[in-house]
Each structure stands twice: as C-alpha cells, then as structure tokens.
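First the structure, in the form of structure tokens, and then the observations on it.
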Amino acid sequence: MIQIKNISKEYGNKEVFSDISFTIDKREKIALVGRNGSGKTTLMKIIAGIEEQDSGVISIPKNKISYLSQIIEPKNNNQTVLEYIKENTDINEDDEIFKLIKIFKLKDVILDFPVSKLSGGQKTKVSLITIVLNNPDFILMDEPTNNLDLDSLIWLENFVKNSNSSFLIISHDRKFLDNTVSKVIELKDGKINIEKGSYSDYLKRSEEKLNRHKLDYESQQEKIDELQKTADQKKINASKGANYKGTDNDKMLRNFKREQAKGSAKEAKRIEKRIEKMDMIDEPEKQSNLKIKIDSKDYNGNNSIVARDLFVGYENFKAGPFNFDIKFGDKVCFMGDNGVGKTTLLKTIINEIEPIGGNINIGSKIKFGNLTQEHDNLPNDKNLFEFIKEKTDKEDSLIFNTLKKFNFSEDQIKKKIENLSPGEKTRLLLALFTEQLVNTLILDEPSNHLDLEALSAIEKSIKNYDGTVVIVSHDRYLIENIDLESIYEVSENGLNRIDYQEYLSGFDFE
C-alpha cells in the first residue's frame, strides 16, 4: 500500500494543491483526473520520487515502483533502444524483449536505433516494454495511451486489467479508463475528490452533484431575492414614515409614523444581516450545449474533397494511392497504425504539404479550421475580445454577440486566454470559426492535446455541427459518440473503409 498523507505543493507563490491524502491499495487501479494544469503530473512525480512535496508524508513499502512519463529520457543521444531497455530492467535474455517488440508492432531493427531518434509513439512503446519486463508492484502512468495505435492501446488495456500490480493512471482516454479503473481521484482547485466505481460512474455522480448544486444555488438565489425585496420595501416604508409631514394637528400620527419607520428600518437591517450571514453557495459552472450552425446556402457549389490515386509523403516516405470523396456535411475518421501516413494525409488535405502523386481537389468554397493546432497556439496574453478582433476584424458589437452566444459572460470576455479552462478555450475557437465562416473542422488526435472537459465540449459541438469534419483519432469514446458517416483504415498502400465494431473485434492478443 502507498499512503499519501497531507501533502502540499507550491511553485513560487502559486499553490498547486494542499493537504492531500489518499491510499493506493494492493492491485487497485485508480484514475487521476482533472483539468490540464490542475497539478496531476506534479502529484504523480512526487509519488514517484522525482519531485519533492513542500509538506506531508508519502509512505511507500520496499516494493518496485515504475513511472511511465510523457517524456522518455535516454542516457545520451546515442543510447540504443536495446541498451535503454537493458539498463532499465533486470532482463538478460532477449527473447522476452523480442516478444514485446512484436506485440507492440515494432520491427526488430528498432532495437539498434538511438532512443533519441524515435517518434513519440515509439518512445511510449519502449517505455511500456521496460515497465512490463520489470513487473513492478506499483505502476504510475502519465498519459500512457498518447501516440499509441489502437491495437497497442487495447493490448495495454488488457494488461492493466489483468495485472496484479497497482496502478495510478492519468489519461484523457475515457474508454481506456472505463475499462480499467475502479476508483477515480479528481484533482480540482488544489483539493481532491475520491469516487469509487468506474469512470462512467464518476461522470454520472459528477453530473448529479452539479445538478444538485445548480438547484441549491437557484433556490438560495430565489430566497435572497425574496428577502432583499422585503428589505427594500421596508426601507421604502421607513423613508415614507420618516418623511411624513402631515398637518400641525397630526403630531400624534406623525410620531406614530416615525416610530413605525424606525421599526421598518430596523427590520430591513435585520433582514440584510440575515442575508449576509448566509453560507453562500458558489455559482455553478455553466454547461454549454453548443450548436455551430453553417448556413449551407452560402456554400452551394464546389465544397467537396476528392482524391484520386493520391500519394502523400516526403523524403524516404510514401503512402497511397488514396481514393475518397468527402462531401459537404460528412463526418469522416482516419485510423491506422502509427507511421502509416494519417497525419501526412491530413496535412495534404489542408494544403500544408504538397502531394507527391495523383490528384486532390479541394472545393473552392471550403474553409478549414484546424482545431487541435489552433488550440495549441492560442496567445495567452490576449483577452477573448482582442483575440477574435485580431483574427476577424469584425465590428465590436458582432464580436460581443458571438462570444455571448458561446456562453461567455461580459467578465469572461475581458479575461486573458491563459485564465480560461480547456473547455472554454475550445468554445473560444469554435466562436472564432463561426466568425470566420469555417465549414470544415480538422482534428488531428484531439485526445493527445485536449483534456476531458475540452473533449466533451468538442463532442457536443461536432454532433450538432452542420459542416464537414475530418478527424484522425484512436479515441474509441470520441469515435463512437460523434455520429461518423465513414471510418477509414489507413495503410501505406491506401484506404479501406471499415465497419468499426468488426474492426475492433478483429484484434488478437494471444
């Protein structure tokens, strides 16, 4: 058992988290969730012994503990994969290494490659291989599914489910979490909330809590409004009584009115003090249910993406031929193993790189919006209004109206982008795309870039989107929840349109 007792961490004067306590029991599988920047990776590094807490105690038995980070660091730039694996494991025989190399769809020759030259997906696989070979008692995983192709992801999922080790996992892959963990620890505003059950159970209970919070808040606001109206009326009565003149013969009535006024004034103060002493319920976060409407009459004409015998690539890499028709309003997903050319195909579609053979015709009415790329490049020093103004040069009133349609308040519109949550940043980009009349959304592995809140906002938006969506993703939850028309498996030899459920059932991990 790992025991975390009352640990706190600050960077400079900024508190990351405070007085956190929980345990990781034997064979327990736990998800650590929270917004990007909430401190999840910092907490995991402290448990792994890579960083130190400012206060509190972590008790770890003398068992083996392994940490899979988002970054794999070789001893030097020339250290080969085989050298790295042997340095970080107790394995002397190569047979087990070759077996795992095959499972993760890596070629034997990769063992002689320098680790520093590997792709992100290859580095993740090498790091996973070292962990599996070590067979530790406790495994800490920070985004283990990033850059994994689908069959490697499902193999990892089965490994976690069937392992006798304990796991603490940070991941944006909701299906992976749902199929592996039995407890969720949410890190929010420097504190933790622990929920037993699956990730879906956690989501359901979180929604129920939010709904209760909303009802309690609205009920309290109604009570406050009612009391304030009563207090205001008492003040009006007090003012009238205090200022009552009457006639010279109305002295008794005038005194009565003034005494009555004093009573009303006291009653008003008593009511307002009652309001002040209330345990105020914070306003709940607004939930967005966005519909991005594209007026199709503005896009009559050539608005399809058509490829014929298309070859894509660059020096020493070529993939194709690709043949497809993506009509306006289609929602299309490209899947496939790492390194087969999915992102290269996407970059060719949006004209970032030239095709190396064949033809691709991009309709003259098409306007692309690359959501994941834009999300990574938002200018943190600008406020929301400045950002939209700079990108569109629209009238101020139109910009304000658009931002309000996307559930931004006047105060939020003046906020710096760096102070927005990931979900709010996603809404900001969707507001921008609306102003730019974007009619084709591009998403390249959004689960590698966006946190769970932002992904949820994306799903809701895509389901209600009238334009075209082209996505590269292995996120099963996302794929199953955005009403795709077509799913294509990409290989170096071309495209194969697939039935998604049949495709999933075809993996064999024996």
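The values are calculated or read from the model by the stated rules, or taken from the named source; none is laboratory data. Values in this document were obtained by computation on a predicted structure and should not be read as measured data. Because the Cβ atoms are built from the backbone with ideal geometry, glycine has one as well, and the counts that use them run over all protein chains shown.
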Applying the selection to the range 435-491, what residues are among the aliphatic types (A, V, I, L, M) and touching a Cys at 6+ places or on another chain (Cβ under 7 Å)?
ILE471, ILE479, LEU484, ILE487
Boolean, ILE281 is of a type in the set (A, V, I, L, M, F, W, C), surrounded by fewer than 20 Cβ atoms within 10 Å (Cβ to Cβ), at pLDDT 85 or above and assigned by the TED database to the domain that holds PHE433
no
Test set (1) crowded, with 19+ Cβ neighbours inside 10 Å; (2) within 21 Å of THR180 (Cα to Cα); (3) polar (S, T, N, Q) - ASN158 fails condition number:
(1)
Quick test of your reading of the structure: ILE292 fulfils all but one of (1) assigned to a helix (DSSP H, G or I); (2) at pLDDT below 85; (3) aliphatic (A, V, I, L, M). Name the failing condition by number.
(1)
Extreme residue, surrounded by the fewest Cβ atoms within 10 Å (Cβ to Cβ), among residues of the range 332-360 that are assigned to a strand (DSSP E or B) and in contact with a Lys or Arg (Cβ under 9 Å, 6 or more places away or on another chain):
ASN359
Can you tell me which of (1) in contact with a Gly (Cβ under 6 Å, 6 or more places away or on another chain); (2) under 29 Å from GLN3 (Cβ atoms) is the one ASN147 doesn't meet?
(2)
Residue by residue through the range 312-331, note down the ones that are surrounded by fewer than 17 Cβ atoms within 10 Å (Cβ to Cβ) and either within 16 Å of GLU354 (Cα to Cα) or not assigned by the TED database to the domain that holds ASN361 (or both).
TYR314, GLU315, ASN316, PHE317, LYS318, PRO321
How many residues, within the range 171-226, are within 26 Å of ILE271 (Cα to Cα) and among the basic types (Lys, Arg)?
2
In the range 36-51, anything closer than 25 Å to GLU87 by Cβ and free of Cβ contacts under 8 Å to residues at least 60 places away in the same chain is listed as LYS45, ILE46, GLY49, ILE50, GLU51
Name the residues in the range 45-75 that are exposed (fewer than 11 other Cβ atoms within 10 Å of the Cβ) and under 24 Å from the mean Cα position of the chain (by Cα), would you?
ILE71
Residues (surrounded by fewer than 19 Cβ atoms within 10 Å (Cβ to Cβ), under 22 Å from the mean Cα position of the chain (by Cα) and assigned to a helix (DSSP H, G or I)) located in the range 364-396:
GLN373, GLU374, ASP376
